[in-house]
Each structure stands twice: as C-alpha cells, then as structure tokens.
1. Calculate how large, on average over all directions, the projected area of the Cα convex hull of the stretch 200-336 is; give the answer in nm² to one decimal.
2. Gap in Å between the Cα centre of the stretch 105-176 and the Cα centre of the stretch 232-306?
3. For the chain, what does the relative contact order come out to in percent, with C-alpha contacts under 8 Å and a separation of six or more?
4. Which one of Pro323, Val177, Gly292 has its Cα pushed farthest toward the positive end of the charge dipole of the chain, where Lys and Arg give +1 and Asp and Glu give -1 at the Cβ?
5. What is the Å³ per residue value for the convex hull set by the Cα atoms of the stretch 74-233?
6. Can you compute the helix-only [θ] at 222 nm over the chain? Use -39500 (n - 2.57) per DSSP H run of at least 4 residues, normalise by all residues, nearest 500 deg cm²/dmol.
7. Mind listing the phi-derived Karplus ³J(HN,Hα) values for the stretch 169-178, rounded to whole Hz, using 6.51, -1.76 and 1.60 with θ = phi - 60°, and x for any glycine or proline?
8. Taking the convex hull of the Cα atoms, report for the stretch 172-219 its projected area averaged over all directions, in nm².
Amino acid sequence: MKKLIIFLLVIGLGLTGYLLYMNHRLNRLEAMSFEDMVHYTMGDDPDAAIAVGIVQNGEVRYLMFGEQEFFEIGSLTKTFTAKMIFDLAEAGRIDLDSSIDHYLELPDGYYPTVRELINHVSGYKSWYFESEMMGNFFDQRNDYFGISHEKLLARIGNIDLDDASYGFKYSNFGYAVLGAILSEFYQEDFATLMERFIAEELGMRQTSMLNPLSNGWEWSVGDAYRAAGALTSTITDMTAYAKMLLPTMNRENDLLINATTARNAMLNIRADGVLDGWMVDRENEIIWHNGGTGQYNSYLGFDLQNDAAVVVLSNLPPDYRIPATVMGAQLLLELR
C-alpha cells in the first residue's frame, strides 16, 4: 500500500510539473511577437527556413527567414481538392448534397453527402487501418503510402454508417474519398487531374503533386490519400493562391462545430465553425487552414476585418517549438 501511495504521489508530482511547464511555455508565447516566434523557432539551425507571404489591401509582400524555395504544404492540399469539387458544383456537374454513391460504385447502404465530406461531418474516422500502414511504419514512410484507389473504394463499401447527423471529426479519409470522386468523374488518376487544375485553372506553376521533396513524404502512383496532403509549393505560389481566394472568403452559413481545444484557445487559435472545409474563428473573424507532414508545417489564414491574408511555410516538423499555425495567427492579429 505504501509503495502504491508513493507511486501515485510521483505520478501526481510529474503531472503537476508538466502542467506548470506547459503554462510557463504558454505565458512565454503570449509575450512574443511574430518575429520573436520565428527567431525562437529557427534557433541556431542553419538549415531552418520559414517563408511568409502577406496580402493586405491588394498589396503583396514577403518575409524570408532562411533559404529554401519548396515546401510540403500537407493538409492545405485539402483546400485545393475542395476547390476542384466546388468548381464542378458551380458548373452544375456535381451536386454537393447528393450522397457519394451517386459518383462512386458502392454496395447498397447509407453514405454521406459530398458536402459532409468537405466539412468533416461525414461520420468517417480520420483514417482506417490498412495492411500497408504496418510496412510504412517499419520503413519510416508516410502512413498512407501505397493505399490505392481500389483499396479505398473497398474500404468505403465496408464502413457501416447510420442515417444520422454526425459531429465534426477531421478526416483525411474523407478527403481521400473526395479525390476518388474526382478521379471517377474524370476517369483519370487524381494526381494528374490536380497537376492540370493547378497549372491551367489556378496558374500556379511551382505547385505540384508529382515532384516530392528529397526529405519529404514519399508517394506511389495512384495513392488515394494524395488528395488529403501531397502537394508541394512555394511562398510565391501560395501567396498568389491566398490573394485569389481572399475576396471570396466570408463567414456566411458556417457550421458551428465548437472544435476549439482548451490549449488552442489559450494560443488564440479557434475552430468555432467550418465552412467549405476551412476552419472558422468566429471570435477573431479569421478563416484558416493548416498542414503538417513529417518535416514541414504550413498555415494560410484570412482576416475578414482587415482584408488581409497570411501564408506561413516552414521546413520544420509541426511539433517543433512554435508551429506555423501559431505564428500565422499571431501575424494576422499584429497586422490589425
């Protein structure tokens, strides 16, 4: 009994110490400016790079810390996948409120709508275990490497959802399904579709799904999860993307999700709502999305009060010191 009490005391002291340490870090963050955050995060790492693009009142400027041109943008890829879907919907070629079995050949059953997938309220989990994931773990590859379009379709057909409304659950799987819908619609590999869309429709010549970085995530031809996070880009291309989207951003009809964690609330990063796949910070009037891979993290945010947008691309892991999301949100507020 005495040993158990001592063990519990040690655990309790450890947790207390950890909470005090985390509070200290959060308090320190609150006192930092955007540039303080950048310099602290890069430290004395000669290879660290953080690229920043700012759009304000129609003008564009850049802040470059370190030297690197190309970055993985991770889940910011989802915003491109969603835009491809929305362009089809605006042309009357896809109905956002139709269930996905209108566009994919699936067994009889209940399936979510295209819009529910986009807004992460489909009922699907973030991901579903596939045998490839075990090998990817041991080979230190991206978790989703080698999961094919065909395997994704088989998994969709084996998921038993109820005909019900589901709450918000951020889903890489859901965006892989959106990629499958686009691939089936055009009868073409998704990565090839995305390359053409980015170059011809968006005019982004330095953004690609087929040119992985040497220290980035590896993908194979036909990987279904590419639609959720496989793009690489540059700060000039991503800032042009932000400038193009800024006039279209508004908070009309955003779906309340109350997905702000206590920790993120302390960092002034809020996910109160979701709209067309973007997170909505109702308190600060900011719409945003971020991304992270093994060695990169990114952020794109729009300040609706200030007619401004900020892009932050970093070649550091998402959990290293201060992530791009915290820095980007801080910069947007400083611009006011």
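1. Values: hull surface 36.5 nm².
Averaging across all directions leaves 9.1 nm² for the Cα convex hull.
2. 23
3. Working: 597 pairs, mean separation 78.2, N = 336.
Worked out over the chain, it gives 23 percent.
4. Toward the positive end, the furthest listed residue is Pro323.
5. Numbers: hull volume 17.0 nm³, N = 160.
Residue-normalised Cα hull volume stands at 106 Å³.
6. Working: 12 runs with 128 residues, N = 336.
When only DSSP H runs of four or more count, the value is -11500 deg cm²/dmol.
7. Running phi through 6.51 cos²θ - 1.76 cosθ + 1.60 with θ = phi - 60° gives 8, 4, 10, 5, 4, x, 6, 4, 5, 4 Hz.
8. Working: hull surface 15.7 nm².
The orientation-averaged projected area of the Cα hull of the stretch 172-219 comes to 3.9 nm².
None of the figures in this text is laboratory data; all of them are computed from the coordinates on show. This one's a predicted model, so the numbers in the text were calculated from it and none came from an experiment. We place every Cβ from the backbone using ideal geometry, glycine too, and count neighbours over all the protein chains shown.
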